[in-house]
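The values are calculated or read from the model by the stated rules, or taken from the named source; none is laboratory data. Note that the structure is predicted; figures quoted are calculated from it, not measured. Backbone-built Cβ (ideal geometry, glycine too); neighbour counts: all protein chains shown. Accessible surface areas use protein heavy atoms only, side chains included; no ligands, DNA or RNA. Shrake-Rupley method; radii C 1.70, N 1.55, O 1.52, S 1.80 Å.
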2 protein chains.
Amino acid sequence: MDDEPDQRPEGRASRRASKTRQRLLDAALYIFNTKGVEGCAIEDITESADVGKGTFYRHFMDKLDILRTLLDFAADDLIKRMPPESSPAISFDDRITQLIQAHLTFFTERSDLFLLFLQGQTMVATRPASLPGLHAPFARYIGAIETRIATSLPAPGLPDQKRQIASLLAAAACGPITVGLSISSSKHDVIKNLDLARQSLLAGVKQLLLK
Amino acid sequence: MDDEPDQRPEGRASRRASKTRQRLLDAALYIFNTKGVEGCAIEDITESADVGKGTFYRHFMDKLDILRTLLDFAADDLIKRMPPESSPAISFDDRITQLIQAHLTFFTERSDLFLLFLQGQTMVATRPASLPGLHAPFARYIGAIETRIATSLPAPGLPDQKRQIASLLAAAACGPITVGLSISSSKHDVIKNLDLARQSLLAGVKQLLLK
DNA sequence: AAGTTTGTTGACGATGTAGTCAGTAGCGAC
DNA sequence: GTCGCTACTGACTACATCGTCAACAAACTT
């Protein structure tokens, strides 16, 4: 994680505090990806961040709280890599390619964040009940894709068609990564498959829109 | 879970034992999908199965062991729904459709197994190190797809092309479900998206094979 | 420099959990 | 019936984990 120094947080004390907070976030990201979210103890995080245990509770309510924060951050990072919302209308093909490309650089540059993102996605998908408030970053993520394809859609489309295509794009981007890694493909193979998925998606969506 | 009574397990005693084992498997499946694999205690499982805690350890080594058993079972179930290995050579389109269809009925009829399968897939993908021996069912799953597309491939194809297409198919089948559920689409919407993914995949793979 | 506020600490009580094991119940053989 | 065997039980030990809190430290204020 590498935020800029935040906007003038007053003095040294509060600067130190945000540094501690950041260390906790970094440590949590690492531990979550190593031992799994539920499989890790708060003390694993504070140990790795080299702070006292009590400090954790000054910055976060509990494990779910810090997980939420990390997933929000991950979603932000991924969304920032997409073309700007107000970007000029380009061909549908190019827009799809841009969006997949955003996932690709996210995966290559911040695979730690992406892996947590995928972990969270599955957690929310399979047992939303026990994870209050965790669906928000994913809804934001799909929403971001939706608005970004809106301006490039060949036809106006039905109300929920945009959402459908956005979901499909997300699946085309996230699916190959999860599947590829689950059978221990190399990162390189995963990336190749992702490009394949892009082509596949493109062809498929065109077909959908023709009807 | 609903196995047939197993092949003649001798007398009533051992029949009672496999019934207990089955109750544990059923309970574990339920609990895993409710509280998450790592978030649940052995006693949650035995409690739900209404057996003593010690009984668990008579049938399974530990939590990872029963999880492995369940994932193996899930993979078997999914594979059984695919067309038989020795099935007649049909068109590539139809074969892809058959395979996606297998996922679809698996999802509609045994969503509990499929959700655990997806959970396991993500666990293995994001942190293989801490989960020894858990990748096997997923390798088996991809292998099953591979052999089933082999006979219908338009061209012989390169050695790892089959694997690539198999991964892509798996992604096209699993991705939309995970993404769909993560933004709390209805089961119906998820199924619709899955069909979209099938079309998309078909178009994309054809394009791949043309080159 | 003295006093106040803010951030950090780790020991602590309470609770949870894994895995064991001596004991019990049910079954099958004779 | 009774003996041996297998399946089952749940109290128990040993340890892990949570979240708190009184004490401490650093940074600000006057």
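Tabulated data for the structure shown
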{"quantity": "Label point 7 Å beyond Cα along the C-beta direction, distances from B:Lys206 to other copies (nm, shortest first)", "calculated": "1.1"}
{"quantity": "Per residue, the convex hull volume that the Cα atoms of region A:98-205 enclose (Å³)", "calculated": "111"}
{"quantity": "Cβ-based charge dipole, the protein assembly as shown, positive-most Cα from A:Ser167, A:Ser86, B:Gln22", "calculated": "A:Ser86"}
{"quantity": "Buried solvent-accessible surface, both chains (B, A), 1.4 Å probe, Å² to nearest 100", "calculated": "3900"}
{"quantity": "Binned Cα-Cα distances of the protein assembly as shown, short to long, each 20 Å bin given as a whole percent", "calculated": "25, 54, 20, 1"}
{"quantity": "Nonlocal Lys pairs with alpha-carbon distance under 21 Å, region B:1-106 (8 or more apart, or different chains)", "calculated": "5"}
{"quantity": "Shortest-first nm distances, A:Ser87 label point to equivalent points in other copies (7 Å, Cα→Cβ)", "calculated": "4.0"}
{"quantity": "For region A:4-69, alpha-carbon Rg over 2.2 N^0.38 Å", "calculated": "1.12"}
{"quantity": "Ascending list, in nanometres, of distances separating the A:Asp160 label from those of the other copies (7 Å, Cα toward Cβ)", "calculated": "4.1"}
{"quantity": "Descending semi-axes in whole angstrom, ellipsoid equivalent of region A:164-211, from the Cα gyration tensor", "calculated": "24, 10, 6"}
{"quantity": "Only Lys, Arg (+1) and Asp, Glu (-1) charged, at Cβ; the protein assembly as shown dipole about Cα centre in debye", "calculated": "320"}
{"quantity": "For A:Ala102, net neighbour charge (Lys/Arg +1, Asp/Glu -1) across residues whose Cβ lies under 15 Å away", "calculated": "0"}
{"quantity": "Neighbourhood net charge (15 Å Cβ-Cβ; Lys/Arg +1, Asp/Glu -1) for B:Lys162", "calculated": "0"}
{"quantity": "Within chain B, helix-based [θ] at 222 nm, where runs of 4 or more DSSP H residues each add -39,500 (n - 2.57), nearest 500", "calculated": "-24000 deg cm²/dmol"}
{"quantity": "For chain B, alpha-carbon Rg and Dmax in angstrom", "calculated": "19.0, 62"}
{"quantity": "Straight-distance crosslink candidates among aspartates and glutamates, where the alpha carbon sits under 18 Å from B:Lys206 and sequence neighbours closer than 8 are dropped", "calculated": "A:Asp93, A:Asp195, B:Asp93, B:Asp94, B:Glu146, B:Asp160, B:Asp195"}
{"quantity": "DSSP H segments from chain B that extend 15 Å or more along their own axis, Cα-based, with Kyte-Doolittle mean of -0.5 or above", "calculated": "B:63-80, B:92-109, B:111-126, B:136-150, B:161-182, B:187-210"}
{"quantity": "Per residue solvent-accessible surface (Å²) - chain A, probe of 1.4 Å", "calculated": "45"}
{"quantity": "Cα centroid separation - region A:75-142 against region B:75-135, whole Å", "calculated": "25"}
{"quantity": "Cubic angstrom per residue, convex hull over Cα atoms of region B:77-129", "calculated": "99"}
{"quantity": "Which of A:Leu104, B:Leu208, A:Ser184, positive extreme of dipole for the protein assembly as shown (C-beta unit charges)", "calculated": "B:Leu208"}
{"quantity": "Chain B - charge dipole about Cα centre, Lys and Arg +1 at Cβ, Asp and Glu -1, debye rounded to 20", "calculated": "280"}
{"quantity": "Cα shape, region B:46-150, gyration tensor, a/c 1.5 rule", "calculated": "prolate"}
